[in-house]
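Written below as structure tokens is the structure these notes are about.
The values are calculated or read from the model by the stated rules, or taken from the named source; none is laboratory data. Keep in mind that this is a model prediction, so the values were computed, not measured. For neighbour counting, all protein chains shown are included, and Cβ atoms are generated from backbone atoms with ideal geometry for every residue, glycine included.
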Amino acid sequence: MSEYRPVTERLRDYRPVETRPTEMALRQELNRCQDCGIPFCHALGCPLYNLIPEINLEAKSGRWASALGRLLETSPFPEFTGRICPALCEGSCVQGLHEHPVPARLVELEVIERGFELGLVKRAIKSRHLDLSVGVIGAGPAGLAAAYRLSRAGAEVTVYEKDAKAGGFLRYGIPDFKLEKEVIDRRLELMMAEGVKFLCGVEAGLDISERLLWKRHQVLILTIGARRKRDLPIPGRNLIGVSFATDYLAAQNRVNAGEEATIPPDLNAFGRKVVVIGGGDTGSDCVGTAWRQGAVEVSQYEIMPKPPKERALDNPWPQWPRVLRTSSSHEEGGFRRWGVNTLEFTADPKSPERLNGLKAVEVEWLIENGRLIKPVPVPGSEFTKDADLVLLAMGFTGPEPGSLAAAKELKPDHHGRLSPNLYVAGDAASGPSLVVRAISDGLKVAGTVLADFKASKS
């Protein structure tokens with residue numbers, strides 16, 4: 001059911017590539033959902049435990065208000081997850097046993113967008129006011145989810161964000177052609193109307209001291225993410241033209257939003273041969289962005305082996321299918337290669353401080369007990385590649401070193417507590433993961449805060 005605008009059209013802008021489904025296509029998929037026997041999608045697949053069959057039944061009958069109500073019972077920001085979630089629920093869809101799964105993500109997006117269009121999504125009116133002030137440090141998906149739940153429960157919530165605008169990785173790490181930033185702003189306006197305060201351009205522990213934070217709030221929640229980038233410390237790493245993927249994507253997003261006038265020259269793919277190192281979603285986003293900037297060539301290398309086109313025997317349903325995925329950005333062009341380890345970045349003889357290529361080798365993986373242990377170079381497979389822009393998209397290793405984060409032992413208990421009245425949620429607690437899991441954890445930790453507050457008053 002997922003359809004995209006034509007490649008020749010969408011490469012000229014940063015507007016969303018995905019289009020809304022037709023009524024006929026939507027109804028067909030909603031009907032297929034109701035043919036399921038015992039659903040696994042909502043319990044086994046979805047971190048938020050969305051009531052997918054129930055939501056789809058209401059939508060099938062045209063009861064969009066009821067469908068929206070069901071959706072919002074568990075999901076605070078379906079307009080985000082409906083656009084960017086990998087849809088773990090679809091991996092455990094019963095219909096996916098023999099054909100394509102029901103596209104629950106697209107149905108979710110249709111439900112929330114119709115909710116906005118019909119005026120059904122409104123600010124909540126607080127029914128009570130708790131004597132509880134909470135400071136949330138970080139305005140990414142976990143922080144927004146925690147603030148959402150706490151505010152609606154009656155707490156006074158202030159969110160501190162070091163970037164110029166709230167949203168975290170949603171705003172600065174995901175291209176507009178996947179998540180237009182007006183969608184984030186629309187939600188933030190609702191949250192502010194409900195009483196949540198946002199202080200942006202304020203880094204906790206630097207622009208505001210921890211002592212002052214505790215003076216203002218009874219509870220602090222650290223939702224600082226896991227943005228320390230995994231580096232590639234090989235010869236030539238410091239050459240001009242080798243950059244982190246998230247710095248590259250954030251630069252384009254800031255220009256699109258008017259926060260910056262131009263892209264830094266060393267983060268612009270115009271007229272360049274680009275190599276993206278890392279085969280995940282961030283790497284794919286770099287591919288799409290590079291084509292839009294005017295790259296002449298784009299390649300993507302991944303050290304892991306190429307996934308199979310279909311489930312392997314050791315990956316049965318209803319496990320998440322570890323199969324080859326082709327994103328909308330991959331459909332726009334470029335070359336993908338798996339089992340490649342980059343050994344060195346090479347310098348331009350005419351400008352020794354600048355990149356002009358790389359050296360790499362093919363690898364095969366040593367496997368023990370069905371697990372990939374380590375990559376082993378294939379003799380005689382060394383090769384070189386011309387490149388004047390390399391983007392490192394190899395994931396993250398944990399929270400960024402910072403004045404507040406570095407001072408804390410981020411080892412929470414299973415409820416998200418670091419110490420009395422100090423909590424941590426999202427990637428900062430569990431390590432780099434999905435937006436939907438960060439949202440789920442933010443809601444969970446907010447629930448712990450409320451339970452602890454209630455216990456303290458009894």
Which of the residues belonging to segment 79-107 are of a type in the set (Gly, Ala, Ser), at negative phi and free of Cβ contacts under 8 Å to residues at least 60 places away in the same chain?
Gly82
If you check Leu410 against the conditions, is it among the hydrophobic types (A, V, I, L, M, F, W, C), part of a loop (DSSP other than H, G, I, E, B), within 30 Å of Arg216 (Cα to Cα) and touching a residue at least 12 places away in the same chain (Cβ under 8 Å)?
yes
On the given criteria, is Leu392 within 22 Å of Ser284 (Cβ to Cβ), at pLDDT below 95, in contact with a Phe, Trp or Tyr (Cβ under 6 Å, 6 or more places away or on another chain) and not aromatic (Phe, Trp, Tyr)?
no
Kindly indicate whether Ala269 is farther than 30 Å from Val134 by Cα and in contact (Cβ under 8 Å) with a residue 40 or more places away in the chain.
yes
Take the residues in segment 281-320 that are among the aromatic types (Phe, Trp, Tyr) and either within 23 Å of the chain's Cα centre (by Cα) or surrounded by 21 or more Cβ atoms within 10 Å (Cβ to Cβ) (or both), then tell me which one is nearest to Val390 (Cα to Cα).
Tyr301
Can you confirm whether Asn356 is surrounded by 18 or more Cβ atoms within 10 Å (Cβ to Cβ) and in contact with a Pro (Cβ under 8 Å, 6 or more places away or on another chain)?
yes
Among Pro6, Pro76, Pro53, Pro47, which is the only one that is closer than 21 Å to Thr326 by Cβ and either outside the structural domain of Ala257 (by TED's automatic domain parsing) or free of Cβ contacts under 8 Å to residues at least 60 places away in the same chain (or both)?
Pro6
Confirm whether Val363 is of a type outside the set (Ser, Thr, Tyr) and crowded, with 20+ Cβ neighbours inside 10 Å.
no
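Rundown of residues vs (1) among the small types (Gly, Ala, Ser); (2) outside any loop (DSSP other than H, G, I, E, B); (3) touching a residue at least 24 places away in the same chain (Cβ under 8 Å), yes/no style:
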site	(1), (2), (3)
Arg292	no, yes, yes
Ala295	yes, no, yes
Asp314	no, no, yes
Arg325	no, no, no
His330	no, yes, yes
Thr346	no, yes, yes
Leu358	no, yes, yes
Val361	no, yes, no
Leu366	no, yes, no
For Asp163, all conditions in the list (1) part of a helix (DSSP H, G or I); (2) assigned by TED's automatic domain parsing to the domain that holds Leu443; (3) under 18 Å from the mean Cα position of the chain (by Cα) hold save one; what is the number of the exception?
(1)
Regarding Arg12, is this residue closer than 30 Å to Ser151 by Cα, surrounded by fewer than 19 Cβ atoms within 10 Å (Cβ to Cβ) and either polar (S, T, N, Q) or modelled with pLDDT of 95 or more (or both)?
no
Just to check your reading of the model, which residue among Glu189, Glu113, Glu194 is assigned by TED's automatic domain parsing to the domain that holds Val435 and either touching a residue at least 60 places away in the same chain (Cβ under 8 Å) or touching a strand residue (DSSP E or B) at 6+ places or on another chain (Cβ under 9 Å) (or both)?
Glu194
Within segment 268-281, which residues are outside any loop (DSSP other than H, G, I, E, B) and in contact with a strand residue (DSSP E or B) (Cβ under 9 Å, 6 or more places away or on another chain)?
Lys273, Val274, Val275, Val276, Ile277
Kindly indicate whether Leu170 is free of Cβ contacts under 8 Å to residues at least 60 places away in the same chain and either small (Gly, Ala, Ser) or touching a Lys or Arg at 6+ places or on another chain (Cβ under 9 Å) (or both).
no
Just to confirm my filter: which strands (runs of 3 or more DSSP E) fall fully inside segment 196-254 and include at least 2 residues that are at pLDDT 95 or above and touching a Pro at 6+ places or on another chain (Cβ under 9 Å)?
none
